Amino acid sequence: MKGYEQMQNQHIEALKRIVGTEHVLTSAEELHCYSYDATPGFSHMPDVVVIPGTTEEVAKVLALANSEKIPVYTRGSGTNLSAGTIPTKGGIVLLMTRMNQIIEIDTENLVAVAQPGVIVSDLNKAVETHGLIYPPDPGTVTTATLGGTVSENAGGLRGLKYGVTKHYVMGLEVVLASGQVMNVGGKNVKDVSGYDMTKLFTGAEGTLGVITKIIVKLVPAPEAKKSMMAIFKNLDNAGNSIAAIIAAKIIPATLEIMDNATIRTVEDYAKVGLPVDAEAVLLIEVDGIPEVVEKEAAKVLEVLTINKADEVRQAKDAAERDKIWAARRAALPALAKLRPTTFVEDATVPRNKVPEMIRAVNEIAKKYNVTIGTFGHAGDGNMHPTIVCDIRDEEEMSRVYKAMDEIFGTAIKLGGTLSGEHGIGLGKLKYMEDQFGPVAMEAMRNIKRALDPNLILNPGKLVGEC
Ligand SMILES: Cc1cc2nc3c(=O)[nH]c(=O)nc-3n(C[C@H](O)[C@H](O)[C@H](O)COP(=O)(O)OP(=O)(O)OC[C@H]3O[C@@H](n4cnc5c(N)ncnc54)[C@H](O)[C@@H]3O)c2cc1C
């Protein structure tokens, strides 16, 4: 482990000279605001918060931090769920929200160029007027930054058909730990020159460099959408339906599942008419050209009927469609309302293992006497077992942490992965070797050491201490 320098007044003064006094925060109240993020159970005070306005300022801040061995924690909106922005060793929180300009919308190449502080939904609003969309849509689209979503390789509800953030990032400007600025990728649809550095920095969780400019791919907005809700008294029938829809060569834009615990909690909270005795509901949306959407919706209905859905509710208009998706959107707030603390996990399994995973999570909940609702992106196997508890209750938390260990162990045993979209950060670090083994872990640590030899960038996260 590196010995980091205690920050001194001279460092703070140097930072003020780089970004301007008003963009350096040092009061206890301000520092406290950046000592935690959306992940429960983690917090640590930074020494200073620095808010750069340009790539040059980022470069100067990193050059200073590197020469003085001061840790740097890059931060967008702090909505990550893996403790990715917690300044665990003090030092600098580098807040990217001032760099929030959409630089270009290029409708000939179907790309947008933006700074990392742009909020994802703002980019979508800007491109929508051109009949285009930027598909990655985490639940936090209205708050998360482009830089944060690229660094977490965020997913969302449309992942099944449209993929995740890495499928849209075409190029990046990155400031390395040394303060040197590097450009990788670009607007070319085909580009196989060199290592794929764009992909390396996408999902690197701020451990390899600071992203200061992002080139993303845009796609034409779908002309039509059709949504439906299928209700199942038997979880296996829901599982079979998921596999059968894909086997019928239909790729819905969205294919979501809620288990019984989630259904009951959502109904209690939002009163949207969910069947509280159902073992599972599937929420499905197909989109595209109107004629194709009609055909695909009819096929999905047929598959659901063959696979013994007990009821299918089809949205006839926009209001009914909104009602279906309001139920899904209510899942997390409804569960979160039950207890003071909410852990949203994202253990992910191959899609044919979804019922097995849900059943295992239910068993684990019983075994450790903890409350877990499971919902998530069934089509891509990305489950969100959501544990509600009280972090102040030590006895309960010891059961919660044991339950988490078993959930992640089960996902790996089923051929799954620790994270479908929330990243590793600190929260899931202890399971990384179980998934990757020592050789792959060492290869990843070598990449970290090569790009950040003084280990100043988000130290201790993703690959652990180097
Ligand atoms: C209620 C809720 C719902 C959510 N739903 C989803 C979902 O559906 N799908 C999903 O994928 N995620 C979801 N998330 C997680 C979260 O919104 C995403 O991880 C998002 O990508 C984080 O963006 P941010 O701007 O808040 O980044 P932050 O939390 O600020 O940072 C995230 C990581 O990126 C790094 N970072 C930030 N900016 C930069 C930069 N410019 N350069 C280098 N590194 C940087 C940070 O160091 C950190 O490691 C949800 C979170 C909540 C609280």
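Within region 130-149, count every residue that is within 9 Å of the ligand (Cβ to nearest atom) and over 23 Å from residue 108 (Cβ atoms).
Kept after step one, since they are within 9 Å of the ligand (Cβ to nearest atom), are these residues of region 130-149: 136-141, 143-149.
Among the residues that remain, those that are also over 23 Å from residue 108 (Cβ atoms) are: 137-141, 143-145, 147-149.
Going through region 130-149 one residue at a time, the tally reaches 11.
Given the options 257, 251, name the one that is under 25 Å from the mean Cα position of the chain (by Cα), outside the structural domain of residue 53 (by TED's automatic domain parsing) and away from the ligand (no atom under 16 Å from the Cβ). Please lay out each step first, then the result.
Working: 257 fails: away from the ligand (no atom under 16 Å from the Cβ).
So the residue among 257, 251 that is under 25 Å from the mean Cα position of the chain (by Cα), outside the structural domain of residue 53 (by TED's automatic domain parsing) and away from the ligand (no atom under 16 Å from the Cβ) is 251.
Tell me, which helices (runs of 4 or more DSSP H) wholly within region 282-336 include 2 or more residues that are small (Gly, Ala, Ser), free of Cβ contacts under 8 Å to residues at least 12 places away in the same chain and farther than 30 Å from residue 385 by Cβ? Walk me through how you get there before you give the answer.
Values: elements: 290-306, 318-329, 331-336.
So the answer is 318-329.
Just wondering, is there one or more residues in region 414-424 that are touching a Phe, Trp or Tyr at 6+ places or on another chain (Cβ under 7 Å) and outside the structural domain of residue 63 (by TED's automatic domain parsing)?
The first filter runs over region 414-424 and keeps only residues touching a Phe, Trp or Tyr at 6+ places or on another chain (Cβ under 7 Å), leaving 418.
Filter once more, keeping what is outside the structural domain of residue 63 (by TED's automatic domain parsing): 418.
The answer is yes, given that some residue of region 414-424 is touching a Phe, Trp or Tyr at 6+ places or on another chain (Cβ under 7 Å) and outside the structural domain of residue 63 (by TED's automatic domain parsing).
Please enumerate the residues belonging to region 62-80 that are surrounded by fewer than 24 Cβ atoms within 10 Å (Cβ to Cβ) and not hydroxyl-bearing (Ser, Thr, Tyr). Can you show your working first?
Taking region 62-80 first, the residues surrounded by fewer than 24 Cβ atoms within 10 Å (Cβ to Cβ) are 63-64, 66-69, 77-79.
Of everything in region 62-80, those that are surrounded by fewer than 24 Cβ atoms within 10 Å (Cβ to Cβ) and not hydroxyl-bearing (Ser, Thr, Tyr) turn out to be 63, 64, 66, 68, 69, 78.
So if I check each of 312, 300, 286, 281, which one is surrounded by fewer than 17 Cβ atoms within 10 Å (Cβ to Cβ) and not assigned by TED's automatic domain parsing to the domain that holds residue 404? Lay out the reasoning, then the answer.
Details: 300 fails: surrounded by fewer than 17 Cβ atoms within 10 Å (Cβ to Cβ); 286 fails: surrounded by fewer than 17 Cβ atoms within 10 Å (Cβ to Cβ); 281 fails: surrounded by fewer than 17 Cβ atoms within 10 Å (Cβ to Cβ).
On inspection, the qualifying residue turns out to be 312.
Could you list, in sequence order, the residues of region 356-404 that are of a type in the set (S, T, N, Q) and not in a strand (DSSP E or B)?
Step one: list which residues in region 356-404 are of a type in the set (S, T, N, Q), which gives 362, 369, 371, 374, 382, 386, 398.
Hits for region 356-404 are 362, 369, 398.
Residues checked against (1) over 18 Å from residue 256 (Cβ atoms); (2) more than 18 Å from the chain's Cα centre (by Cα):
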residue	(1), (2)
332	no, no
349	no, no
357	no, yes
360	yes, yes
365	yes, yes
370	yes, yes
382	no, no
385	no, no
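Within region 65-77, is even one residue in contact (Cβ under 8 Å) with a residue 12 or more places away in the chain, in a helix (DSSP H, G or I) and under 15 Å from residue 210 (Cβ atoms)?
First, the residues of region 65-77 that are in contact (Cβ under 8 Å) with a residue 12 or more places away in the chain: 65-66, 68-77.
This time we only want the ones that are in a helix (DSSP H, G or I), so: 65-66, 68.
Of the ones still in play, those that are also under 15 Å from residue 210 (Cβ atoms) are 65-66.
Yes, region 65-77 contains at least one residue that is in contact (Cβ under 8 Å) with a residue 12 or more places away in the chain, in a helix (DSSP H, G or I) and under 15 Å from residue 210 (Cβ atoms).
On the given criteria, is residue 36 in a loop (DSSP other than H, G, I, E, B), of a type in the set (Phe, Trp, Tyr) and either more than 16 Å from the ligand (Cβ to nearest atom) or crowded, with 17+ Cβ neighbours inside 10 Å (or both)?
Values: in a loop (DSSP other than H, G, I, E, B): yes; of a type in the set (Phe, Trp, Tyr): yes; either more than 16 Å from the ligand (Cβ to nearest atom) or crowded, with 17+ Cβ neighbours inside 10 Å (or both): yes.
Spelling it out, residue 36 is indeed in a loop (DSSP other than H, G, I, E, B), of a type in the set (Phe, Trp, Tyr) and either more than 16 Å from the ligand (Cβ to nearest atom) or crowded, with 17+ Cβ neighbours inside 10 Å (or both).
Hey, does region 270-277 have a residue that's part of a helix (DSSP H, G or I), over 23 Å from the mean Cα position of the chain (by Cα), surrounded by 14 or more Cβ atoms within 10 Å (Cβ to Cβ) and small (Gly, Ala, Ser)?
Our first condition is that a residue be part of a helix (DSSP H, G or I); within region 270-277, this holds for 270.
From the residues that got through so far, the ones that are over 23 Å from the mean Cα position of the chain (by Cα) too are 270.
Within this subset, residues satisfying the condition of being surrounded by 14 or more Cβ atoms within 10 Å (Cβ to Cβ) are 270.
Checking the rest, the ones that are also small (Gly, Ala, Ser) come to 270.
Yes - at least one qualifying residue is present in region 270-277.
Yes or no: residue 107 surrounded by fewer than 19 Cβ atoms within 10 Å (Cβ to Cβ) and near the ligand (Cβ under 8 Å from one of its atoms)?
Values: surrounded by fewer than 19 Cβ atoms within 10 Å (Cβ to Cβ): yes; near the ligand (Cβ under 8 Å from one of its atoms): no.
Here the answer is no, as residue 107 does not meet what is asked.
When both residues are 6+ apart or on different chains and their Cβ atoms are under 8 Å apart, which pairs have a first residue that lies in region 436-449 and is of a type in the set (Phe, Trp, Tyr), and a second that is part of a helix (DSSP H, G or I)?
436/444
Taking the condition within 13 Å of the ligand (Cβ to nearest atom) and not in a strand (DSSP E or B), does residue 90 pass? I'd like the intermediate steps shown before the answer.
Values: within 13 Å of the ligand (Cβ to nearest atom): no; not in a strand (DSSP E or B): yes.
No, not satisfied.
Of 113, 127, which residue is among the hydrophobic types (A, V, I, L, M, F, W, C), outside the structural domain of residue 79 (by TED's automatic domain parsing), more than 13 Å from the ligand (Cβ to nearest atom) and in a helix (DSSP H, G or I)? Spell out the reasoning first.
Working: 113 fails: in a helix (DSSP H, G or I).
Checking each option against the conditions leaves just 127.
Would region 26-40 turn up any residue that is at pLDDT 95 or above, in contact with a His (Cβ under 9 Å, 6 or more places away or on another chain) and over 30 Å from residue 431 (Cβ atoms)?
no
Quick test for you: out of 55, 85, 97, 74, pick the one residue that is among the β-branched types (Val, Ile, Thr) and either over 19 Å from residue 177 (Cβ atoms) or away from the ligand (no atom under 16 Å from the Cβ) (or both). Break it down into steps so the answer makes sense when it comes.
On the way: 55 fails: either over 19 Å from residue 177 (Cβ atoms) or away from the ligand (no atom under 16 Å from the Cβ) (or both); 85 fails: either over 19 Å from residue 177 (Cβ atoms) or away from the ligand (no atom under 16 Å from the Cβ) (or both); 74 fails: either over 19 Å from residue 177 (Cβ atoms) or away from the ligand (no atom under 16 Å from the Cβ) (or both).
None of the other options fit; the residue is 97.
Here are the criteria: (1) closer than 30 Å to residue 101 by Cβ; (2) in contact with a helix residue (DSSP H, G or I) (Cβ under 6 Å, 6 or more places away or on another chain). Tell me which single one residue 262 does not satisfy.
Condition (1) is where residue 262 drops out.
Show the residue pairs meeting these rules: Cβ distance below 7 Å; 6+ apart or different chains; first residue within region 207-235 and free of Cβ contacts under 8 Å to residues at least 24 places away in the same chain; second residue within 16 Å of the ligand (Cβ to nearest atom) and of a type in the set (S, T, N, Q).
Partner pairs satisfying both residue conditions: none exist.
Can you name every residue in region 81-104 that is crowded, with 23+ Cβ neighbours inside 10 Å and either on the phi > 0 side of the Ramachandran plot or of a type in the set (Asp, Glu) (or both)?
83, 91
The values are calculated or read from the model by the stated rules, or taken from the named source; none is laboratory data. Because the structure is a prediction, the values reported are computed rather than measured. Cβ atoms come from the backbone with ideal geometry, glycine included; neighbour counts cover every protein chain shown.
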